[in-house]
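Comments concern the structure below.
Computed from the coordinates by the stated procedures, all read-outs in this text should not be read as laboratory data. In this text the structure is predicted, and so the values were computed from the model without any measurement. All Cβ positions, glycine included, derive from the backbone under ideal geometry; neighbour counts span all protein chains shown.
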Amino acid sequence: MKNGFVFFAGLFGSIALSWGGLVLGSHKQLGGLAPFFDEGDSTSYPNRPPGVAARGQLVYADLGCASCHTQQVRRPDVGADQARGWGERQSVARDYIFQLRPQLGASRIGPDLTNLAGRKPSAPDADDLMKLLYAGSELHPAYGFLFENRPIVGERSAVALKLTGALTPAPGREIVPTERAQSLVAYLLSLNNTYDYPESRPLPKAPAKPDGAHGAAPTAKKEGEKK
Amino acid sequence: MTPASSNAEVTAVDTQARWPLLLLLGGAIKWLVIAGVLSLIASIQLHSPAFMSHWPAFTPGRTAAMAETAFVYGWAFNAGLGLALWILGRLGGEPLRALNWVVVGTFAWNIGLTLGLVGIALGDATSFSLLQLPGYVQPAMLVAYGAIAVAGILAWSGRRTDSTFASHWYAVAALFLFPWLLSAAQATLIWTPVRGVLQAVVAGWYAQGVWSLCLAPLALAVAYYVVPKVTGRALPAYEFAPLGFWSLIVIGAWTGARHLTGGPVPAWLPTLAIAACSLLLFHTSIVLLNLRGAIGGAGNSVAFIAWGLLAYTAGGLLDAITSFRSIASFTQFTHLVTAQQQLAIYGGVSMILFGGIYFALPRLTGRPWASAGFVSAHRVTLLIGLALLLVSLAAAGWVQANDLNHKDVTFAAMAADTRPWLLGASGAQLILLTANLLLAVNFCRSVCACCCCCAESAPVGSPFRPAATMEAHAS
């Protein structure tokens, strides 16, 4: 490696190759991904999130929620993601195309939140989430700083938390979520990707007998039906 | 390491570069202690989420991001850069040039990092692993890195001998590649973000690049330099070293997508990563083959490097094994992944850097370490802490993985199951913090002693005021 030029060219070539292969390669495949238009109900999916939910995702990111919660459901044969009711299908790239900063996450200290608003058998509502954020639980930290404890002036605020027991605020006071808390909850309640894209259906299992030629037929038919 | 041997080896390169490099190493140790405190908080929050999280600056997500950033960009980069410059200077045989740039760069890097950590505490983290620093400090970090790296590149191009050594390649590769890596990641994640899951792909490429193209090469540059120096023997099978180097540089960055197995990304990405992880075992074996003399070698720095080398090898092997889909689907999203990262970055890279610091400091200051007892105490405490941390995290991860993959186990039950092990991990973080405080105290005492002895060229008691001393040296 006496030749400096060759050495540096080799270094640059290596990093450029990995950049080109991984980043440009996947960009070529997914960069132009468009919403899927369903002719049946004349709507395209995924829906663009409402502005308040898009702002809420930034709150989710800045608090670092992704350090304990993922937002990706894996294939049916991987882990217990679908058995736990986190989603009826695997997450696909198209789910995230309108997200400013997708929060895939890498750690599951807490449950996956991909389809929080559509969770079976019972999805949390805004009151549940506000209460969890305000008071926390044994498993979840309390983010009191997202709320304002203020005296009631005139009428009680419509968004004030309905708290009971030890959490009840002092008489004449109310706990009101700040705008950040409201955006965050609106975001969490917007998390529901239920539309079944053609690419999100699992491939049919390979037949037990060696007649693989017919293996692909059911998918094609299913896709045809959807359209 | 006896005082006599360390004194005998002090060269003009060492005395001339003393203060700029001590500034880098001092910064590294300061960040190591800060990262230790933050990691302890983050670790406690894993089993007691209410701990400090009512302060917005310390939500679990932000604490974890700050701890990771302080450790990687504060400790590992400062220490790795300081040692790499020193090694390049010594191998080049000429005193380091552009040292004033190093000082300016070091200040800029550390001030940028401080602002970045404040930014994360205020909620400006980017939410990309290993790239959490807010977008507004990243350009400054890039320029600061460039300013520090200039001295290394000049030492390489102005070397006395034409031939080069393995330490050269690894050190120069890290100095040269990080700016490309950071600017490419910045452009596509911060300034003009790519869409949707492509962000996760770029972030994975960057995070792996930081590991494979910067941190690991910096550590290996140190190991390749110190091991033959201390053992006094030529490296066995050295003719394979270029193959080991190029296999890391060419293949390393391809292994990042293994963390995206089963995720909403093209399936070929994890597939390539799995193949790359196995291919990288060539690199790991060659490094082990070359540096095996360190294992069982005498001396404190070599003892650190031997442990680091074992952890590096074990880390590479575990990466290859756990990248396979059947295993990854079990370990993914659990503390097992954290345990592996700690094995690589704490057990592998940091242990080698510790060894490098123990080797370099007596030569930079011209005096032995202030307390030999602290040196061995540091090593023993560190090894205990590290072993406890890895075992606890791995056990917690094993329990967590089993619980996660059974649909009927609730998260409350999972938290109860992992709690004892996570308590162990917090204890380990406390031990590691204590160990590193020993290093910090010993470092300060050694540097102060050096200050006192060369009071004519450096103001007494101000080891961290190199701008003034720089002028003294330049004149």
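Treating only the Cα positions of segment A:29-195 as identical point scatterers, give the base-10 log of I(q)/I(0) from the Debye formula at each q in 0.08, 0.09, 0.20 Å⁻¹.
Evaluating at q = 0.08, 0.09, 0.20 Å⁻¹ gives log10 I(q)/I(0) of -0.29, -0.36, -1.38.
Quote the FRET efficiency, to the nearest 0.05, computed for A:Ala9 versus A:Arg173 with a Förster distance R0 of 56 Å and r equal to the Cβ-Cβ distance.
Details: r = 69 Å, r/R0 = 1.23.
About 0.25, to the nearest 0.05.
Determine the distance separating the Cα centre of segment B:148-209 from the Cα centre of segment B:401-438; give it in Å without decimals.
For segment B:148-209 versus segment B:401-438, the Cα centre distance is 34 Å.
If each of A:Thr164 and B:Ala387 carries a label point 7 Å out from its Cα toward its Cβ, how far apart are those two points in nm?
My value for the distance between the label points is 5.3 nm.
Cut-off is 10 Å between beta-carbons; in what order do B:Arg445, A:Arg94 appear when sorted fewest neighbours first?
Details: B:Arg445 14, A:Arg94 23.
Ranked by crowding around the Cβ, least crowded first: B:Arg445, A:Arg94.
With a cut-off of at most 16 other beta carbons within 10 Å, and DSSP calling the residue loop, which trypsin sites (Lys or Arg not before Pro) in segment B:147-209 qualify? Please list them. Don't skip to the end; give the middle numbers.
Working: sites: B:Arg159, B:Arg160, B:Arg195; in loops: B:Arg159, B:Arg160, B:Arg195.
Of the trypsin sites (Lys or Arg not before Pro), the ones in loops of segment B:147-209 whose Cβ has at most 16 other Cβ atoms within 10 Å are B:Arg160.
Taking a temperature of 10 °C and a viscosity of 1.306 mPa s, what whole-number D in µm²/s does Stokes-Einstein yield for segment B:1-115 with Rh from Kirkwood over alpha carbon pairs? Don't jump to the answer; show the numbers that get you there.
Values: Rh = 15.9 Å.
Rounded to a whole number, D works out at 100 µm²/s.
In Å and on Cα atoms, what radius of gyration and Dmax does segment A:67-146 show?
13.6, 41
If you wrap a convex hull around the alpha carbons of the protein assembly as shown, what volume per residue comes out, as a whole number of Å³?
On the way: hull volume 124.7 nm³, N = 702.
Given the Cα convex hull of the protein assembly as shown, per-residue volume reads 178 Å³.
Give me the angle, in degrees from 0 to 90, between the Cα long axis of helix B:77-92 and the longest principal axis of the Cα atoms of chain B, rounded to the nearest 10.
On a 0 to 90 degree scale, this one is about 40.
Rounded to the nearest angstrom and ordered from largest down, what semi-axes does the equivalent ellipsoid of segment B:3-474 get from its C-alpha gyration tensor (root of 5λ)? Intermediate values should be presented prior to the final figure.
Numbers: eigenvalues 242, 119, 104 Å².
Semi-axes (√(5λ), whole Å): 35, 24, 23.
Can you tell me the relative contact order of chain B? Whole percent, Cα pairs under 8 Å, sequence separation 6 or more.
On the way: 754 pairs, mean separation 85.4, N = 475.
So the answer I get is 18 percent.
I'd like the orientation of helix B:300-322 relative to chain B: the angle between its Cα long axis and the longest Cα principal axis, in ° from 0 to 90, rounded to 10.
With rounding to tens, the tilt is 30 degrees.
Please name which of A:Ala142, A:Gly56, A:Ser44 has its Cα lying farthest along the dipole of segment A:29-195 towards the positive end, using unit charges on Cβ (Lys, Arg +1; Asp, Glu -1) and the Cα centre as origin.
It is A:Ala142.
Other chains' Cβ within 10 Å of A:140-152 residues: what's the mean?
On the way: counts 5, 12, 4, 4, 4, 6, 1, 0, 0, 0, 0, 0, 0.
Mean shielding count: 3.
What is the fewest-to-most order of B:Trp246, B:Trp19, B:Trp421, B:Trp205 by other Cβ atoms lying within 10 Å of their Cβ?
Ascending number of Cβ neighbours within 10 Å: B:Trp246, B:Trp421, B:Trp205, B:Trp19.
Counting residues in segment B:223-348 as N, plug N into 2.2 N^0.38 Å and put the Cα Rg over that result. Numbers along the way, then the final one.
Details: Rg = 16.0 Å, N = 126, 2.2 N^0.38 = 13.8 Å.
This ratio for segment B:223-348 stands at 1.16.
Expressed as an acute angle from 0 to 90° and rounded to the nearest 10, what is the orientation of the C-alpha long axis of helix B:138-157 relative to the principal long axis of chain B?
50
May I ask you to work out the translational diffusion coefficient for segment B:276-406 at 10 °C, viscosity 1.306 mPa s, via Stokes-Einstein with Rh from the Kirkwood sum over Cα pairs, reported in whole µm²/s? Intermediate results must be reported in sequence, preceding the final value.
Numbers: Rh = 16.1 Å.
So the translational diffusion coefficient is about 99 µm²/s.
Could you list the GluC sites (Glu not before Pro) in segment A:75-165 that lie in coil according to DSSP, counting only those with at most 10 other Cβ atoms within 10 Å of their Cβ? Can you show the working numbers first?
Values: sites: A:Glu88, A:Glu138, A:Glu148, A:Glu155; in loops: A:Glu88, A:Glu138, A:Glu155.
Sparse-neighbourhood loop GluC sites (Glu not before Pro): A:Glu138, A:Glu155.
Can you grab the distance from the C-alpha centre of segment A:115-173 to the C-alpha centre of segment A:44-69, Å, no decimals?
Spelled out, the Cα-based centre of one part sits 19 Å from the other.
Over all Cα pairs of segment B:266-331, how is the pair count split among 10 Å bins, expressed in % and running from 0 up to the last occupied bin?
Once binned at 10 Å, the Cα pair distances of segment B:266-331 give 21, 39, 24, 13, 3.
Give a quick list of chymotrypsin sites (Phe, Trp or Tyr not before Pro) in segment B:136-174 that DSSP marks as loop, anything other than H, G, I, E or B, with at most 15 other Cβ atoms within 10 Å. Walk me through the numbers before you get to the answer.
Working: sites: B:Tyr136, B:Tyr145, B:Trp156, B:Phe165, B:Trp169, B:Tyr170; in loops: B:Tyr136, B:Phe165.
Here the chymotrypsin sites (Phe, Trp or Tyr not before Pro) that fit, given the DSSP loop and packing criteria, are B:Tyr136.
Based on the Cβ-Cβ distance of B:Phe324 and B:Cys454, what FRET efficiency does E = 1/(1 + (r/R0)^6) give at R0 = 51 Å, to the nearest 0.05?
Working: r = 56 Å, r/R0 = 1.10.
Between B:Phe324 and B:Cys454 the formula returns 0.35.
Can you list which of the DSSP-assigned H helices in chain A have a Cα extent of 20 Å or more along the long axis and an average Kyte-Doolittle score of at least 1.0?
Working: long enough: A:4-18 (21 Å, 1.89).
In chain A, the long hydrophobic H runs are A:4-18.
Where the only charges are on Cβ atoms (+1 Lys, Arg; -1 Asp, Glu), what is the dipole of the protein assembly as shown about its Cα centre, to the nearest 20 debye? If you can, show how the numbers build up before the last one.
Numbers: 46 positive and 35 negative charges, 155 e Å.
Value, rounded to 20: 740 debye.
Given charges of +1 on the Cβ of Lys and Arg and -1 on the Cβ of Asp and Glu, with all other atoms neutral, how large is the dipole of segment B:287-442 about its Cα centre, in debye to the nearest 20? List each step's numbers first, then the result.
Numbers: 7 positive and 4 negative charges, 95 e Å.
Its charge dipole is roughly 460 debye.
Could you work out the relative contact order of segment A:29-195, using alpha carbon pairs under 8 angstrom and six or more residues apart, expressed as a whole percent? Working shown, then result.
Values: 252 pairs, mean separation 46.2, N = 167.
For segment A:29-195, the relative contact order is 28 percent.
Taking the Cα centre as origin and putting +1 on Lys and Arg beta-carbons and -1 on Asp and Glu beta-carbons, what dipole magnitude results for segment B:3-474, to the nearest 20 debye? Intermediate results must be reported in sequence, preceding the final value.
Details: 20 positive and 13 negative charges, 73 e Å.
Rounded to the nearest 20 debye, it is 360 debye.
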